[in-house]
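Here the structure comes first, spelled out in structure tokens, and everything after it is commentary.
The values are calculated or read from the model by the stated rules, or taken from the named source; none is laboratory data. Note that the coordinates shown come from a computational prediction; the quantities given were computed from them, not determined experimentally. Ideal geometry is used to build each Cβ from the backbone, glycine not excepted, and the neighbour counts take in all protein chains shown.
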Amino acid sequence: MSTPSRKGAGPARSSGSESHAELRRWLEAVQALSTAVSSGRSLREVLDLVADTARSLLGFDFCGVLIPDGSGRNLVIEGWSGLSAEYVARVNSDRPVRLLGNGLHHAPSSQAFRSGEAVAVRDIAREPQFTPWGGVAKEQGYRSMLSVPLVAGSEVVGTLNSYHSVAHDFTDHEIERLTLLANHAAIALTSARMVEELQQLTTSLRGQRDLLTKSERIHERLLSVALRAGGLDGIVMTLAELVSRPVLVEDARGTVLALTGPLAELPGADVRAALPLEEDMSEPHMLGTGLVREHGGHVAATVRLAGEVVARLWLPRGAEEFSTLDERALEHASIVVSLELFRLRTGTEVEHRLRGELLADILSGAVAESRPLRERADRLGHDLSRPHAALVGQLEVATESRRPRAYQRALTLVSELAATYRPRPLVAMHQGAMVALWPLDGVRTGAAAGATGKAEPMGAVASSIRRAMASVPGAEGATVAVSATERQTVRQAYRTARGALNVALRTGRSDIVVTPDDLGVAGLLLQLNDARQLVAFADRTLAGVREHDLRRGTHLLRTLRVYLDSDLSRTEAAQRLNVHPNTVSQRLRRIEVVADIDLSAPTTIVEVSAALLLLDVAEGGQLA
């Protein structure tokens, strides 16, 4: 059966000269892929080059690149090396790789695409799932295959398949090298698609002959700026030359990303904020395709990425007529700006991932002073030798579907805030929350720096983080907890902050900044090193209730907590729990029997309240 394979020990270490030669071959191959995309070669040519590169670098007999067809239901071969045209045509027309249906009968390529993991098949003759392709495989002459996903960002865009003519055990080394090449191929594929879309847009303009020459020149000039890595400033300057007007680019939050020309002629922040991000095609001031809109004495163009408005271009309408060519230039610029923002976003996502991996290693128990960890941190601009406080934040969102995007935006905002401090704090997502390891001697730099040049109090830092998180579209609030300000190990600081956040949320405190001092006794207990002692003490009173809930799926502990929070009012507790008061009474009697306590005794209420507090602290501060 085909499985995500990690068999074999890999080839022996090569000599220095051989390693150098292999590295050079790889660098030349990656450069060739980048050049193919930059030169505007077609998607088919780029995919053929990917397959040919994999075959020549790794010594496979055949290689193919599979991507979803127009319906998204099947994978079809769009690029290949060594495979015959007849084989490709028969597979695509008669035996396409289906992405839907029963998972037990998925082809290896389908498994790799759906799981995002490499799938190896030692001998297809012994693989039942390969039966539909057995005949054409035999004719083509291969016996074993390795399929790795092409992953761009968080999306699988295809698979890179490689074949041997004999049965073969794929080693970790082979899988890792093909996966590495697939990562570069995914970037090339995504970029080639975007370039092809831009080229298709140029072709669509040829219907108007009198606009063709200048429209193509506009497109080529803007695209060449992007391909030369001219950045947003280069795109804005080129557009300003084409339309003879000053230009401003803002992101979806209204932050100015780039501008050129007299500032007085460009719209102010209040004017820009008055125009909704989303276009209304019924509005009378829409121009052309709907990307360009008039607003007062200005013209705005929407920039979209993955269906989301990510930026807008602004320029004054001016005394001269805003011509069709000017509109075309603005539309072209919006597409090229989208391409540039995609490039920047991809780089940002890589940074977020690397920082997340570093943070996870630190909090998992890796010694922060270890040389490998310190070197990784240094490369990302972080100094682990300094004492740090920990800050943990959680967003409140209306629906779960909005949570991933909201956290992604929040991570970007908090990372931008952290970038203004030196030494630079480490910010990343960890276990579903925003986590920041903040140097206690961190000083803000640049235009936002204070006059004193002293370290900012952690409470003020936490407030800045909370405001940044709460400003995310779709967020209904943000809660941020800070560890104690005295020196702790990073793991201790994280445990304290995470526990403070959990305890605060469990006790109904949200959309605030929380410190251990704010939690009273709970905050003090959170700073203990061993939470097991707290659980042991609490279990003297509530062990039976906890075991009853676990064994029978009841809600006795929650009922007891709500009853105490309701000032011992069974009626109010019933309303909070959305049950009848008699149900609350029955549960309380059951608690008395299971725990052998008398809830009418004041001393018992004190003991139970203390036990619940200890459980909150212990469970809230546990490191996962």
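When we screen 166, 88, 151 for residues that are assigned to a strand (DSSP E or B) and modelled with pLDDT of 85 or more, the only hit is 151.
Being more than 26 Å from residue 155 (Cα to Cα), modelled with pLDDT of 90 or more and not assigned by TED's automatic domain parsing to the domain that holds residue 258 narrows it down to one residue among 373, 384, 391, 363; which is it? Please lay out each step first, then the result.
Working: 373 fails: modelled with pLDDT of 90 or more; 384 fails: modelled with pLDDT of 90 or more; 363 fails: modelled with pLDDT of 90 or more.
So the residue among 373, 384, 391, 363 that is more than 26 Å from residue 155 (Cα to Cα), modelled with pLDDT of 90 or more and not assigned by TED's automatic domain parsing to the domain that holds residue 258 is 391.
Residue 136 satisfies every condition listed in (1) in contact with a strand residue (DSSP E or B) (Cβ under 9 Å, 6 or more places away or on another chain); (2) among the hydrophobic types (A, V, I, L, M, F, W, C); (3) over 20 Å from residue 30 (Cα atoms) except (1).
Among 401, 464, 385, which is the only one that is free of Cβ contacts under 8 Å to residues at least 60 places away in the same chain, under 25 Å from residue 350 (Cα atoms), outside any helix (DSSP H, G or I) and polar (S, T, N, Q)? I'd like the intermediate steps shown before the answer.
Values: 401 fails: outside any helix (DSSP H, G or I); 464 fails: outside any helix (DSSP H, G or I).
Step by step, each of 401, 464, 385 is checked, and only 385 is free of Cβ contacts under 8 Å to residues at least 60 places away in the same chain, under 25 Å from residue 350 (Cα atoms), outside any helix (DSSP H, G or I) and polar (S, T, N, Q).
Scanning the range 109-135 for residues that are over 23 Å from residue 187 (Cα atoms), crowded, with 19+ Cβ neighbours inside 10 Å and touching a Lys or Arg at 6+ places or on another chain (Cβ under 7 Å) returns 124, 133. Being surrounded by 19 or more Cβ atoms within 10 Å (Cβ to Cβ) and either in a helix (DSSP H, G or I) or among the basic types (Lys, Arg) (or both) is the filter here, so list the residues in the range 471-491 that pass it. Across the range 471-491, the qualifying residue is only 490. Can you name the condition, by its number, that residue 419 falls short on among (1) closer than 26 Å to residue 310 by Cα; (2) surrounded by 16 or more Cβ atoms within 10 Å (Cβ to Cβ)? Looking at each condition in turn, residue 419 falls short on (2).
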